[in-house]
1. More than 18 Å from the chain's Cα centre (by Cα) and among the acidic types (Asp, Glu) - does that describe any residue in the range 140-147?
2. So, in the range 49-99, exactly how many residues are of a type in the set (Gly, Ala, Ser), over 22 Å from LEU128 (Cα atoms) and crowded, with 20+ Cβ neighbours inside 10 Å?
3. Of all residues in the range 34-48 being open to solvent by less than 30 Å² (accessible area, probe 1.4 Å) and not basic (Lys, Arg), which is modelled with the lowest pLDDT?
4. Check PHE103 against each of (1) touching a strand residue (DSSP E or B) at 6+ places or on another chain (Cβ under 8 Å); (2) touching a residue at least 24 places away in the same chain (Cβ under 8 Å); (3) open to solvent by 80 Å² or more (accessible area, probe 1.4 Å) and name the one condition it does not meet.
5. Out of the residues in the range 98-124 that are within 15 Å of the chain's Cα centre (by Cα) and not small (Gly, Ala, Ser), state the one that is nearest to SER59 (Cα to Cα).
6. Kindly list the number of the only condition in (1) among the polar types (S, T, N, Q); (2) at pLDDT 95 or above; (3) over 24 Å from ARG126 (Cα atoms) that fails for SER93.
7. Working carefully through the options LEU115, LEU135, find the one that is open to solvent by 50 Å² or more (accessible area, probe 1.4 Å), assigned to a helix (DSSP H, G or I) and farther than 27 Å from TYR5 by Cα.
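The values are calculated or read from the model by the stated rules, or taken from the named source; none is laboratory data. Values in this document were obtained by computation on a predicted structure and should not be read as measured data. Neighbour counts run over all protein chains shown; Cβ positions are idealised from the backbone, glycine included. Please note that ligands, DNA and RNA were not included when accessible areas were found on the heavy atoms of the full protein model with its side chains. Shrake-Rupley method; radii C 1.70, N 1.55, O 1.52, S 1.80 Å.
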Amino acid sequence: MNIYYMINWFFLCSLLGYLLECVVLSCENRTPVLNRGFGHGPFCIIYGFGALGANLLLSPLSNDMIKLYFAAMTMATFMELVTARAMIRLFGSFWWDYSKKKFNYKGIICLESSLGWGLLGILYFRFLNGFLLHLAGFVPQRFEKRMAVSLVLFYLADFLYCLRIQIRNKGEEQEPVIGRLSVRS
């Protein structure tokens, strides 16, 4: 595996995470939800980082479903907590709200989602990981580098554009343009 293959795999995982978020929230809200990432593109990169972290940290547990479940639940919940804290610090908002769910902490994490993260960890290692690694291999080698560089440049440009909007609107009284939940201190 080369770096370009890994970048394409990372964005594939991020795309799948975006689709998962859209489906789950559309079902939960009974209305289509199409914008789940920070930017305008169809990527939730926390899922790319989650898949990367799972492969690096949780692979040794992949044959023990109980340990894998609790490790995946803990890792993903921690990632969600750290990501929300960083977003609050940078933008004064984060992109989800668990405040109406039981057993939540400041709307940032909740037991229901944590239990779901454990299941997702099992699904990832049992079904998705091999499939996604195989799917990323379908990119012809001669296009692998171009695709990887294009994805990184697209995401970077989109991220910087959205970051600029968020920072510009941070001090204003109106809700953030891109954020889902405003957290005012």
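1. yes
2. The qualifying residues number 2.
3. Only one residue tops the list, namely GLY37.
4. Status for PHE103: all satisfied but (2).
5. TYR124
6. (2)
7. Going through LEU115, LEU135 in turn, just one is open to solvent by 50 Å² or more (accessible area, probe 1.4 Å), assigned to a helix (DSSP H, G or I) and farther than 27 Å from TYR5 by Cα: LEU115.
Results for (1) within 29 Å of VAL139 (Cβ to Cβ); (2) of a type outside the set (Val, Ile, Thr); (3) in contact with a Gly (Cβ under 8 Å, 6 or more places away or on another chain), shown as yes or no for each residue.
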| residue | (1), (2), (3) |
| --- | --- |
| VAL23 | yes, no, no |
| LEU52 | yes, yes, no |
| LEU61 | no, yes, no |
| THR74 | no, no, no |
| ALA84 | no, yes, no |
